[in-house]
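A.B. asks: For reference, the structure I am asking about is given below.
Read-outs throughout are calculated quantities, based only on the coordinates presented, and are distinct from any laboratory measurement. The model shown is predicted, which means the values in this text are computed figures rather than measured ones. Here the Cβ positions follow ideal geometry from the backbone for every residue, glycine too, while neighbour counts run over all protein chains shown.
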Amino acid sequence: MVYGCTQFQAFFRVVLPMAKPVIISVLFLAFLQGWSDFLFSNMLTTGDGPRTASVAIYVSSAGGERIEWGVLMVMTLVTGIPPVILYMLAQKHITKTFQTAG
């Protein structure tokens, strides 16, 4: 072991700090996959109940005679803000992972 550390101490002091950028990158990519998943959300949300953002954008743009482009653009902008904020918070770790991984 490392300088008399237990297995848990070695994990938390050596392995976890080294794996931190990779863990953050995987969490970010998993968040993006879930955030932008349209097909699964569309199958689960039927009727007039609550919908995810991507399904709400689709429903407001599909069908009907008149499309409210202003509302549609605002919905798209609001939907895109959380991934951008998350990326800005985790940018250092994500770029570090991609630089070391190649």
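A.B. asks: For each of ASP48, ASP37, count neighbouring Cβ atoms within 10 Å of the residue's Cβ, then give the residues from fewest to most.
C.D. replies: Starting with the residue having the fewest Cβ neighbours, the order is ASP48, ASP37.
A.B. asks: Next up: List every DSSP H helix in the chain whose Cα atoms extend 24 Å or more along the helix's own long axis and whose mean Kyte-Doolittle hydropathy is at least -1.0.
C.D. replies: Details: long enough: 16-35 (27 Å, 1.55); 69-101 (43 Å, 0.91).
Span-like helices, by this rule, are 16-35, 69-101.
A.B. asks: Once the other residues with Cβ under 10 Å from the Cβ of PRO21 are scored (Lys, Arg +1; Asp, Glu -1), what is the net sum?
C.D. replies: Numbers: positive: LYS20, LYS92, LYS96; negative: none.
Local charge sum for PRO21: +3.
A.B. asks: Residue farthest toward the positive end of the dipole of the stretch 20-101, with Cβ of Lys/Arg at +1 and Asp/Glu at -1: which of ILE24, GLY64, LEU77?
C.D. replies: ILE24
A.B. asks: What distance in nm lies between label points placed 7 Å from Cα along the C-beta direction at ASP48 and VAL22?
C.D. replies: Taking the simple label geometry, ASP48 and VAL22 are separated by 5.1 nm.
A.B. asks: Which peptide among 4-11, 83-90 comes first, and what is the full order, when sorted by highest mean count of other Cβ atoms within 10 Å?
C.D. replies: For the peptides 4-11, 83-90, the packing ranking is 83-90, 4-11.
A.B. asks: For the chain, what does the helix formula give at 222 nm: sum of -39500 (n - 2.57) over DSSP H segments with n ≥ 4, over the residue count, nearest 500 deg cm²/dmol? Write down the numbers at each step before the final one.
C.D. replies: Details: 5 runs with 72 residues, N = 102.
Per the formula, -23000 deg cm²/dmol.
A.B. asks: In addition: For the stretch 20-101, what does the relative contact order come out to in percent, with C-alpha contacts under 8 Å and a separation of six or more?
C.D. replies: Working: 40 pairs, mean separation 39.9, N = 82.
Across the stretch 20-101, relative contact order equals 49 percent.
A.B. asks: May I ask you to list the residues of the stretch 10-37 whose amide nitrogen lies under 17 Å from a point 7 Å from Cα along the Cα→beta-carbon direction of THR79?
C.D. replies: 31-37
A.B. asks: Then there's this: Label points 7 Å out from Cα along the Cβ direction at VAL15 and PHE40: separation in nm?
C.D. replies: So the two model labels end up 2.7 nm from each other.
A.B. asks: Applying 1/(1 + (r/R0)^6) with R0 = 22 Å to the Cβ-Cβ distance of GLN99 and GLN33, what FRET efficiency is obtained, to the nearest 0.05?
C.D. replies: The calculated FRET efficiency here is 0.50.
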